[in-house]
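Below is one structure, written out as structure tokens, with a few remarks after it.
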């Protein structure tokens, strides 16, 4: 019998054997879940939240750069990577925010800066709106803050729910997720990342448990309510948009800026949805620059 046959979850001793920054990993019980969290560096607290279908590996090159000035904390979201899954009904934006809040309460930390990629940015915006966090700065990296437009908005969540209802669907997807297929998916986001990154995404997307967590998150993600509330968000916000992003329209950053009280946009030419993996140095410099502007760090 396969060692993962019981629940199809990733196994730390096997799948995490060479996980990026493994020495900084720890497992923590919070909110009824066993979380995989990485912590490195010293200084003001900076929280990193990955997007749908990713995990802490997404920060493998950015986190060490940020750790030169911050205490960096990066969890795997519920159902992703090596963190326990939640019940499907709890995988909503408020439900995920509540789960993450339980983790931060256990840590007894208040991040000075929060950085989210794609859906992770939406999660952090919800967090700030609900006053579960009061950071000095929110950084949205190609943030999925607005509802999908047109037919995609009408069809995408229901289709994800239909796929999720079929217990074989995550396994069928995982069986087809070899490195060549995953490389094509990643190129479809407008990004070209290194071979190591492709291998790690293939490891995740080749696991039915991880795929199920990502599908559940997509099926329950309601951005309509967030869109209505964005005008109430007063947290200073940096909207970073890769101009080659094919997953979230770069123009959405300007639309979000128009809704936010304190926000500005920085465009990254030639980079796609995974800009922070393509050029972590540029993204780190932007974060350090903004941290100085809001008084979290001294100017570099």
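The values are calculated or read from the model by the stated rules, or taken from the named source; none is laboratory data. From a predicted model like this one, the values you see are computed outputs, not experimental measurements. All Cβ positions, even for glycine, are placed from backbone atoms using ideal geometry, and neighbour counts span all protein chains on display.
Points to keep in mind about this one:
- When 95, 116, 120 are screened for being within 16 Å of the chain's Cα centre (by Cα), in a helix (DSSP H, G or I) and under 20 Å from residue 253 (Cα atoms), only 120 passes.
- Output for the range 202-212, where each listed residue is outside any helix (DSSP H, G or I) and either surrounded by fewer than 20 Cβ atoms within 10 Å (Cβ to Cβ) or modelled with pLDDT under 90 (or both): 206
- Residue 126 being farther than 20 Å from residue 202 by Cα, buried (at least 23 other Cβ atoms within 10 Å of the Cβ) and modelled with pLDDT under 95: yes
- Residue identified as surrounded by fewer than 22 Cβ atoms within 10 Å (Cβ to Cβ), part of a loop (DSSP other than H, G, I, E, B), touching a residue at least 12 places away in the same chain (Cβ under 8 Å) and within 16 Å of the chain's Cα centre (by Cα) among 78, 85: 85
- Test: residue in the range 255-268 that is buried (at least 21 other Cβ atoms within 10 Å of the Cβ), modelled with pLDDT of 95 or more and more than 19 Å from residue 134 (Cα to Cα): yes
- Condition broken by residue 10, with the remaining ones in (1) part of a helix (DSSP H, G or I); (2) over 24 Å from residue 222 (Cα atoms) satisfied: (1)
- Residue within the range 242-252 that is crowded, with 23+ Cβ neighbours inside 10 Å, at pLDDT 95 or above and not in a loop (DSSP other than H, G, I, E, B) present: yes
Table: residues versus (1) surrounded by fewer than 22 Cβ atoms within 10 Å (Cβ to Cβ); (2) more than 17 Å from the chain's Cα centre (by Cα); (3) closer than 27 Å to residue 18 by Cα.
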| site | (1), (2), (3) |
| --- | --- |
| 198 | yes, no, yes |
| 214 | no, no, yes |
| 228 | yes, yes, no |
| 232 | yes, yes, no |
| 235 | yes, yes, no |
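- Here residue 54 clears all of (1) out of contact with any helix residue (DSSP H, G or I) (no Cβ under 7 Å at 6 or more places or on another chain); (2) modelled with pLDDT of 95 or more; (3) surrounded by fewer than 21 Cβ atoms within 10 Å (Cβ to Cβ); (4) farther than 22 Å from residue 133 by Cα except the condition numbered (3).
- The lone exception for residue 231 - which of (1) in contact (Cβ under 8 Å) with a residue 24 or more places away in the chain; (2) over 20 Å from residue 133 (Cα atoms) it fails: (2)
- Any chance residue 272 is in a loop (DSSP other than H, G, I, E, B), touching a residue at least 60 places away in the same chain (Cβ under 8 Å) and surrounded by fewer than 16 Cβ atoms within 10 Å (Cβ to Cβ): no
- Some residue of the range 221-235 being modelled with pLDDT of 90 or more, under 20 Å from residue 117 (Cβ atoms) and in a loop (DSSP other than H, G, I, E, B): yes
- Search result, residues across the range 44-75 that are over 17 Å from residue 186 (Cβ atoms) and under 8 Å from the mean Cα position of the chain (by Cα): 48, 49
- The set of residues in the range 275-300 being touching a strand residue (DSSP E or B) at 6+ places or on another chain (Cβ under 9 Å), surrounded by fewer than 19 Cβ atoms within 10 Å (Cβ to Cβ) and in a loop (DSSP other than H, G, I, E, B) consists of 279, 294.
- Within the range 25-44, residues that are under 18 Å from residue 95 (Cβ atoms) reach partners that are in a strand (DSSP E or B) with beta carbons closer than 7 Å, at six or more positions or on different chains, in the pairs 34/27; 35/27; 35/28; 35/75.
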